[in-house]
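The values are calculated or read from the model by the stated rules, or taken from the named source; none is laboratory data. Values in this document were obtained by computation on a predicted structure and should not be read as measured data. No Cβ is skipped: glycine too gets one built from the backbone with ideal geometry, and neighbour counts run over all protein chains shown.
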Amino acid sequence: MVEGKEIYLGLDDIRLDRPKQAFYLLVTYAVLIAGAIVFLMPLFWLITTALKENSEVYVFPPTFIPETFRWQNFPDGWNYEGMDFTRWAQNTVFITTVFTTGAVLASSFCAYGFARIKFPGRDLWFMMVLASIMLPGAVTLIPLYIMYSRIGWLGTFYPLTVPVFFGGGAFNIFLLRQFFTTIPMELEEAAVLDGANRFRIFWQIMLPLSKPALATVAVFSFQGVWNDFYGPLIFLTDPKTYTLALGINFFRGLYNTQIPLMMAMSFLMVIPTLIAFFFAQRLMIRGVVMSGLKA
Amino acid sequence: MQAYSAISALFFSPAKKVFVVTTQTTSTRPKNQPKKQASLLRDDLLGYLFIAPALLLYLTFNIWPLIRGILMAFTDYRFIYPDTRWAFNGLNNFVKLFDSPKVRDAAIVSAKYSLIVVPAVLILALFTAILISRVRRGSSFYRWTVYLPTILPVAVSFLMFRQMYAPNFGLINSLLRGFGVEKPPYWLGEVTTALPAVGAAHLWIIFGFPTLLFLIGIYNIGSELYEAASLDGASRWQQFAYITLPLLKPTTAMVLILIVPGVFGVTDPMLILTQGGPQGSTQTLGYYLYDIAFVQGDLRLGYASSISLVVSLVTAGLVALIFRWSRERE
């Protein structure tokens, strides 16, 4: 349907005997390429600034490629006086790992219950879990803050890690339930006949069959928690417990002029999300578009 | 169930191992499941066991705070005086907030911000999606580029923009000077430019997903309609106005539902870029709420709750309106 038709063309399809079409195509490509350059500029600027001498930031006209690549910015920024990037990185890795594990385990567990076990009120409960996705975060934030403060969780990692183990997030439950319902019932019935109980079926049949869906949940959860800013800002009060997102913002607040070091640390924080993105890319973006192409 | 159909808008289609997009309400009962479940007798109890954690979470972290939040909106709770926790003061908070010039100003800033960012996202995302849909070579590169900012940490993204907006040696003003602009604006430091500047950074961050959704929408329209239209002599513009736009209405509604709450309640960019300044010109309701609840004076959580309740109700109202609009038949 798509290939070879007139509305989807590459530059190599330009034909001089059809000047109008060739013109449209050239303009489209020109706009796209110019747009991509403008769009990627902030990220390019981050990387190039991360490798500059501090004095080179203040030259006019600005240099797009650093005169000398100052790799020393990375260790310098990491060990900057009063900053504790090692600890912040550890905190972030810890919170991210625990959160992601919890999200995958708990949401698949709940999703299995919703997908495969009949019990009274199931649909109602499922609707209520789903409705919580639409719940505005703003209303619950302050009460949660009070709740955590009363049980002494403020300034600890608990508010950012424990809740996810109860349910794993409504959206993830929804996603996995959709996936589980498509796995053939016969597999489970056969397992029951062989004497497996629900937990074994869940662990040994459903989970291994759902790897793509579980990976999607894992990647989304990872990105959500690694990049989170507002949550840590509200719940983590002591600089010792900061995450990288807060740490970089803290650095910016104190040493506004150390621009290359700040950018170097920002770049380090971006790398894991880029890696996760390449996984997500396979699972999601290509998938999104392929589904459109094949529909 | 409005809420429910919004969620079903984006779900995982395992058959194709991909995400598909639909605005239809899906049935909660799986179609291919046999009605009778043989030999699994103790389903009831086990079912509750499996979803018990979710229910516990739901009650603790959603329902209770929701009730508490609504109740708190009618109290004069100040965080540093614990005994004011249940100091109900009737409708005082609401009377105060509707009278307060600060709230009014913040509401105006939020509305302005939404009116800048939301149409900009819609128009740019649609435009970009159309361009990408027209090319074959390199289209995956453009999709990749457009989506990239969505996954970056917001703290880093806004920091980057802060640097680019720097008045003297920021990239933007350096380029402007290079093009001969004598006195480029101070961007984040000027009352008139701060809000659009923050909006542009925000746009950069959120614009990838709407573009992908539009792109899927366009791919799903398929080429046959356009071919038929061009055989009938329809111009490109007519094709856009009579085929693309009407058929993308469900996608547009979904994009709006996804971005409007976040844009209207915007807080993060103000925290990192401007702290509400200069002269309150970027003090949105979200930022003001953060400020009075967690920063200012005796941390007036009661008053902040009343503001957040109003913001949430307005947001819910907007989402409901978008839903009605998406259901309308021409």
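What to note about this one:
- Listed by first and then second residue, the pairs linking a residue in segment B:110-136 that is within 12 Å of chain A (Cβ to nearest Cβ) to a residue that is basic (Lys, Arg), with Cβ atoms under 9 Å apart and 6 or more places separating them unless they lie on different chains, are B:132/B:143.
- Scanning segment B:131-150 for residues that are aliphatic (A, V, I, L, M), under 26 Å from residue A:245 (Cβ atoms) and buried (at least 21 other Cβ atoms within 10 Å of the Cβ) returns a single hit, B:146.
- Candidates in segment A:249-274 are the residues that are buried (at least 16 other Cβ atoms within 10 Å of the Cβ) and among the β-branched types (Val, Ile, Thr); of these, the one that is nearest to residue A:55 (Cα to Cα) is A:259.
- Residues in segment B:152-170 that are facing chain A (nearest Cβ under 7 Å) and either modelled with pLDDT of 85 or more or on the phi > 0 side of the Ramachandran plot (or both): B:152, B:153, B:154, B:155, B:156, B:159, B:160, B:161, B:163, B:164.
- Filter result (under 16 Å from the mean Cα position of the chain (by Cα) and polar (S, T, N, Q)) within segment A:79-98: A:92, A:96, A:97
- Selection count where residues are at the interface with chain A (Cβ under 9 Å from one of its Cβ atoms) and either surrounded by 20 or more Cβ atoms within 10 Å (Cβ to Cβ) or of a type outside the set (Lys, Arg) (or both), scope segment B:171-182: 4
- The condition (being of a type in the set (Gly, Ala, Ser) and at pLDDT below 85) is satisfied by just one residue among B:110, B:140: B:140.
- Top-ranked residue in segment A:225-248 [being facing chain B (nearest Cβ under 7 Å) and more than 14 Å from residue A:92 (Cβ to Cβ); ranked as surrounded by the fewest Cβ atoms within 10 Å (Cβ to Cβ)]: A:230
- Of the helices (runs of 4 or more DSSP H) lying entirely inside segment B:217-330, those containing at least 2 residues that are in contact (Cβ under 8 Å) with a residue 12 or more places away in the chain span B:223-231, B:249-264, B:285-290, B:301-327.
- Test set (1) closer than 21 Å to residue B:57 by Cα; (2) surrounded by fewer than 24 Cβ atoms within 10 Å (Cβ to Cβ); (3) out of contact with any Lys or Arg (no Cβ under 9 Å at 6 or more places or on another chain) - residue A:195 fails condition number: (1)
- Taken over segment A:104-129, residues that are of a type in the set (Lys, Arg) and either more than 8 Å from every other protein chain (Cβ to nearest Cβ) or touching a residue at least 12 places away in the same chain (Cβ under 8 Å) (or both) amount to 1.
- Checked against (1) within 12 Å of chain A (Cβ to nearest Cβ); (2) touching a Phe, Trp or Tyr at 6+ places or on another chain (Cβ under 9 Å), residue B:219 passes all but a single condition, namely (2).
- Filtered residues of segment B:282-324 (kept if surrounded by fewer than 16 Cβ atoms within 10 Å (Cβ to Cβ) and within 18 Å of the chain's Cα centre (by Cα)): B:313, B:317, B:320, B:321
- Residues in segment B:91-136 that are farther than 22 Å from residue B:201 by Cα and small (Gly, Ala, Ser): B:100, B:133.
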